[in-house]
Structures are given as C-alpha cells and as structure tokens.
Amino acid sequence: MTDAEWESHRPAVFGAAYRILGTVTEAEDVAQDVWLRAVTADLSEVRDLRGWLVTLSARTSYNVLNSARARRESYIGVWLPEPLLTGPDVADRVLMDKSVSTAMLVIMETLTPAERVALVLHDVFDFPFGRIAEVLGNTSAASRKLASRARARIAQVEARPLASRDVTERVLRAFKAAADAGDMARLIELLHPEAVYVADGGGKVTAARRPVHGADPIALLTIRQTEIRRPDAFRIIEVNGQPALATYRGGVLVWLDTIDITGGQITTFRRLVDPEKLAHIGHI
C-alpha cells in the first residue's frame, strides 16, 4: 500500500473508528493500528482496499469499545464525546456527515457496541449485512436486527433538523455576552423553558454530575460558573460540523460549549470541561 493510497482512505478509516468509539484519541490509535497492519499485509488478493481497511477499523474499534464499556459505565458524571475539529482550517480530512454531530454521538453512546458497529457500517459505509456479520461474529439476520434497533434509537435525533451555522453562532455569541454580563433575563430568553444542561468534567474538574433542567436553573448556573472561573477570551470554532464556543482563561481552554436549537431557543446545552478531552483542541 502506497502512502498516497493510505492518505486517500485514512478519512474513512478514522471516520469509522470515531463514530464507533466517540473519542478522537482512541480513533487515532485505531487508525495507526490499521495502517501498521496494512503496510505489512499481503494485499495482492484485496479487490476493495477501502472496504478492507474500514472492516479492519470497525473490528478493531469493536474490540476497543467492548473493553472500554466497564470504564464508561463507572464514568463520573455525564459522558460527552470527544470533540472533533472540523471546518476548512483543519489539516486532516475527515469523512463528514450528520452521523458525527455531537447530538448523534451522544445517542450513539446509548447503543451496545454491536449496534454501533452495525449501524455505522451499514448506514454510513453501505456495507451488506453479510459482511457486517463477519465483523461481529453473528449472522446477516442478527446484524440487520442490530442496525434496525439502533436506527430506531437515533430516529429522535434525525427527526430534529440542525439549526444553520449562522443561527447557532449568533445564539452562542448572545449566550456568552449575557453570561458575562450576568443578565439572567436575557439568558432565559435564549433558553427553551424545558432546556437541558449537561456537563462533562470526567471527575477531574468541578462539573454538574447530573443534567440540569429548566431555563432558570441553567441561566443561574452559567452565571455562577462565569463568576468563579473568570474567563478572559473566547472564540467560535467548528467541531463535529457545527459552531462551538471555546472559552479560555490565561490562554488555556477551560470549557467548550455546544448547543441544539429549536425555534431560535437552546434546547440542549453541553459544556465539556474534562481537560483530557479538550487537550487536542489546543490553547491560544
């Protein structure tokens, strides 16, 4: 396999792993493992190199996810996916579609490892169920059932259209300005009355360990967090295909906010503060 061939297929290899695992670091490890195995393998009989590489990525990711389930089940607080930098300024190309949105990856985390693999390979990469069965060690019928069950679970996300990037960025900036000003009334205007706030500190930094419901409590919480952390800079970046608000103190990224919007109001507010998950985003 030539370097050019690998570079042309790497986005699919990484993309399969990231969708299945939900973490950039683990997906990069899987991609590296696939590359090492590919460059030493006899590929003379491989007719579909992309399919062979994606199959290997999915099988490796499936094994990784099975071994990681115990850690995730004992995770402190809410688990959020590791953000993936996207957009025109990112050097590494990534296979992009709605299946890497933050909202979708959160729902994917509720699936079993086998359901995730079946869904990703069939719905994203158009693998036949017979080939998926080879990865999972089951039958075509069983793989079809797994994908169907997973699809039903994520239908709630697919049914909600994503707000445009312009609207999302405008709401993020307005929310940031209101939080900095301690403007409760404005924050409540921006939040849906039944909005949900989730935070992921990974047990390493202070963060709400349970979802917070309602516009008033969320507004008060974000104002208090701003007063305590006293951030001094922010910028809008693109993660998982949508704008996100990156907030800094002393040049260090302290949290990353992503939102879902319906009717111009925030319905879900996610704040990632786990420093390990923020590390690859970088500081300023």
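Apply the membrane-span-like helix rule to the chain: whole DSSP H runs, Cα extent along the own long axis of at least 18 Å, mean Kyte-Doolittle hydropathy at least -1.0. List the helices found. Don't skip to the end; give the middle numbers.
Working: long enough: 3-21 (26 Å, -0.27); 24-39 (22 Å, 0.15); 49-73 (35 Å, -0.42); 140-158 (26 Å, -0.42); 165-181 (24 Å, -0.27); 215-229 (21 Å, 0.15).
The answer, listed by residue number, is 3-21, 24-39, 49-73, 140-158, 165-181, 215-229.
Nearest-5 percent of antiparallel DSSP beta bridges in the chain?
Values: 22 of 28 bridges.
DSSP beta bridges in the chain are roughly 80 percent antiparallel.
Take peptides 189-201, 17-29, 73-85 and line them up by average Cβ neighbours within 10 Å, highest first, as a rough protection proxy.
Numbers: 189-201: 20.1, 17-29: 22.5, 73-85: 18.3.
The peptides rank, most packed first, as 17-29, 189-201, 73-85.
Nearest 20 debye, what's the magnitude of the dipole of the chain about its Cα centre given +1 on Lys and Arg Cβ and -1 on Asp and Glu Cβ? Please report the intermediate quantities before stating the final value.
Details: 35 positive and 36 negative charges, 155 e Å.
Its charge dipole is roughly 740 debye.
Counting only C-alpha contacts under 8 Å and six or more residues apart, can you give the relative contact order of the range 125-284 as a whole percent?
In percent, rounded to a whole number, it is 21.
Just how large is the dipole of the range 236-282 about the Cα centre, in debye to the nearest 20, putting +1 at every Lys and Arg Cβ and -1 at every Asp and Glu Cβ? List each step's numbers first, then the result.
Details: 4 positive and 5 negative charges, 23 e Å.
Around 120 debye, computed over the range 236-282.
Can you work out the base-10 log of I(q)/I(0) for the range 89-156 at q = 0.26 1/Å, using the Debye formula on its C-alpha atoms alone?
-1.12
Run the dipole for the range 131-188 about the Cα centre, Lys and Arg Cβ at +1, Asp and Glu Cβ at -1, nothing else charged, and hand back the magnitude in debye, nearest 20. Provide the component values of the computation, followed by the final result.
Details: 12 positive and 6 negative charges, 69 e Å.
The calculation lands at about 340 debye.
Using only the alpha-carbon atoms of the range 9-143, report the extent along each of the three principal axes, biggest first, to the nearest angstrom.
Taking max minus min along each principal axis of the Cα atoms, the range 9-143 gives 48, 40, 25 Å.
Using a/c under 1.5 as the rounded threshold, could you call the range 150-227 rounded, prolate or oblate? The axes a ≥ b ≥ c are square roots of the C-alpha gyration tensor eigenvalues, and prolate needs a/b larger than b/c, oblate otherwise.
Working: a/c = 1.98, a/b = 1.27, b/c = 1.55.
Verdict is oblate for the range 150-227.
Run the numbers on the range 1-59 and let me know its relative contact order in percent, using alpha-carbon pairs under 8 Å that are six or more apart. The partial results should precede the final answer.
Working: 41 pairs, mean separation 26.0, N = 59.
Worked out over the range 1-59, it gives 44 percent.
Which whole-number percent is the relative contact order of the chain (Cα, under 8 Å, 6+ apart)? Don't skip to the answer; put the middle values down first.
On the way: 432 pairs, mean separation 51.6, N = 284.
Contact order relative to length: 18 percent.
Mean shadow of the chain, computed from the convex hull of its alpha carbons, in nm²?
Reported value for the Cα convex hull: 15.2 nm².
Hey, what's the chain come to in accessible area per residue, 1.4 Å probe, Å²?
Details: 13430 Å² over 284 residues.
That works out to 47 Å² for each residue.
What net charge do the residues around Pro211 carry, taking every other residue with its C-beta under 12 Å from that of Pro211, with Lys and Arg at +1 and Asp and Glu at -1? Could the numbers behind the result be given before it?
Details: positive: Arg209, Arg210, Arg270, Arg271; negative: Glu194, Asp200.
Net local charge, Pro211 excluded: +2.
Once both labels are modelled 7 Å past Cα along the beta-carbon direction, what's the Met184-Arg209 spacing in nm?
The two pseudo-label positions are separated by 2.7 nm.
Quick check: at a probe of 1.4 Å, how many percent of the accessible area of the range 104-208 sits on carbon and sulfur atoms? Don't skip to the end; give the middle numbers.
Working: 2630 of 4950 Å².
That share works out to 53 percent.
With 25 Å as the cut-off, how large is the P(r) tail for the range 166-284, expressed as percent of Cα-Cα pairs?
On the way: 973 of 7021 pairs.
Every Cα pair in the range 166-284 considered, those over 25 Å come to 14 percent.
Can you give the local net charge around Lys277? Use residues other than it whose beta-carbon is closer than 11 angstrom to its beta-carbon, Lys and Arg +1, Asp and Glu -1. Can you show the working numbers first?
On the way: positive: Lys204; negative: Glu82, Asp200, Asp274, Glu276.
Surrounding charge for Lys277 is -3.
The values are calculated or read from the model by the stated rules, or taken from the named source; none is laboratory data. All figures in this text were calculated on a predicted structure; none of them were measured in a lab. Virtual Cβ from ideal backbone geometry, glycine too; neighbours counted across all protein chains shown. Heads up: the accessible areas ignore ligands, DNA and RNA and are worked out on the full protein's heavy atoms, side chains in. Shrake-Rupley method; radii C 1.70, N 1.55, O 1.52, S 1.80 Å.
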